[in-house]
Every structure is written in structure tokens, then in C-alpha cells.
Amino acid sequence: MKMKTEEINNYLKENNIKSSHQRLKIFDYLITNKNHPTVDKIYQDLKGEMSTLSKTTIYNTLKLFAEKKIVQVITVEEKETRYDADRSLHGHFKCTECGEVYDIKINEVKEFDKELDGFRVDEEHIYFKGICKKCLENKKNKKT
């Protein structure tokens, strides 16, 4: 989903977020790069084009985006927080070999409806861990 700067600006305003150059760049980065980045990854990739950017700015921006529910906070690993601008219902798979995080399409979560009757669900997170296809293929090729 590639959005123009004006579209991102309008989207932020629709979600009651005051627009700034850094916020626009960070949100654009999230929707352009589907790699579920960490704060460090965002900082490394954007610091060259924004000399005033700091990790604190990124943390604060992502916290605001999460509070306004325009990004999803992903914590597949206890000490690693990643971010995803895709708010549709989907899960995540983290490869224990290469560390990549993949989106996993989820059709429905209706099985939980009865179990959650009377509860208020604010967030849904579905995580899987294992070895991705690419790493499994690499392991297979090394054996032959």
C-alpha cells in the first residue's frame, strides 16, 4: 500500500494525529517496508535522510501511532518489539533461524467467540515461531 505524502497527511489528521515531517516519514516507511521493523531498523534506514531524527522521536511517534491504533505493536519475542502498519486481521510467523517476521493470513477467529463472551477484546495477536520455507530449503540443500 503506497500512499502519497498528502494521503498520509490526511490519514494522520483523520486519526487525530498532528502531522510533522518525521511522523510522515516514519509512517511512510512503515507502509512501504513490510519487514516489521524495530526502532533500531527504522532509525538506521531513515537517519541518512533526516539528520535531526533520534530514536526517542521514533519511540514517541510509534507510541502515538499505536495509541491511535494506526500501527500494530508486535512482540513475538519478549525483548524485541516490532511495528506493523497493516491493521487487518492477520498473524505473524517469526523464523527462529533468520529472524524474519512474516504476515500470515487469518480468515476468521470465530472459534474464540463463545470463550470470550462477556469480555471486551481490545487487541488480537496471533504469533507462530519456527523455521521459514527459505531456511528449511537452505538446510535441505546443505545436506545434499
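No value in this document is a laboratory result; all are computed from the given coordinates. The shown structure was predicted, so the numbers you read here are calculated from the model rather than taken from an experiment. Ideal geometry is used to build each Cβ from the backbone, glycine not excepted, and the neighbour counts take in all protein chains shown.
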- Distance (nanometres) between label positions extended 7 Å along Cα→Cβ at N33 and I131: 2.8 nm
- Label-point gap, in nm, between K18 and K4 - each point 7 angstrom along Cα→Cβ: 2.7 nm
- Query: How many angstrom lie between the C-alpha centres of segment 23-50 and segment 67-83?
  - Reply: 14 Å
- Classify segment 1-45 as rounded, prolate or oblate, taking a ≥ b ≥ c as the square roots of the eigenvalues of its Cα gyration tensor: rounded when a/c is under 1.5, otherwise prolate if a/b is larger than b/c and oblate if not. prolate
- Task: Using a cut-off of 12 Å between beta-carbons, work out the net charge of the residues near K140 (Lys and Arg +1, Asp and Glu -1, K140 not included).
- Result: +4
- ³J(HN,Hα), Karplus 6.51/-1.76/1.60, whole Hz, each residue of segment 77-94, x for Gly, Pro: 10, 4, 9, 9, 9, 10, 10, 9, 7, 7, 8, 5, 5, 7, x, 9, 10, 10
- Query: Treating the beta-carbon of each Lys and Arg as +1 and of each Asp and Glu as -1, no other charges, what is the dipole magnitude of the chain about its Cα centre, to the nearest 20 debye?
  - Reply: 600 debye
- Query: Using a Gaussian network for the chain with springs between C-alpha atoms less than 10 Å apart, which of these wobbles most: R82, R23, R120?
  - Reply: R120
- Message: Can you tell me how the chain classifies by the Cα gyration tensor, rounded, prolate or oblate, using a/c under 1.5 as the rounded cut?
- Response: oblate
- Query: Which FRET efficiency value, to the nearest 0.05, is calculated for D103 and S51 with the Förster distance at 30 angstrom and r the Cβ-Cβ distance?
  - Reply: 0.40
- Go ahead and set up a Gaussian network model of the chain, Cα springs under 10 Å, then flag whichever of K18, K68, K79 fluctuates most. K79
- Step through the residues of segment 95-105 one at a time and calculate ³J(HN,Hα) from phi using the Karplus curve (6.51 cos²θ - 1.76 cosθ + 1.60, θ = phi - 60°), rounding each to whole Hz and writing x for Gly and Pro. 7, 7, 8, 9, x, 5, 10, 10, 6, 10, 5
- Item | Among N16, N33, N60: highest mean-square fluctuation, GNM of the chain, C-alpha pairs under 10 Å | N16
- Query: What nm value, rounded to one decimal, do you get for the distance between K114 and V76 when each label is placed 7 Å out toward the C-beta?
  - Reply: 3.2 nm
- Query: Once the dipole of segment 23-66 is set up with Lys and Arg at +1 and Asp and Glu at -1 on Cβ about the Cα centre, which of L64, S51, H36 lies farthest towards its positive end?
  - Reply: L64
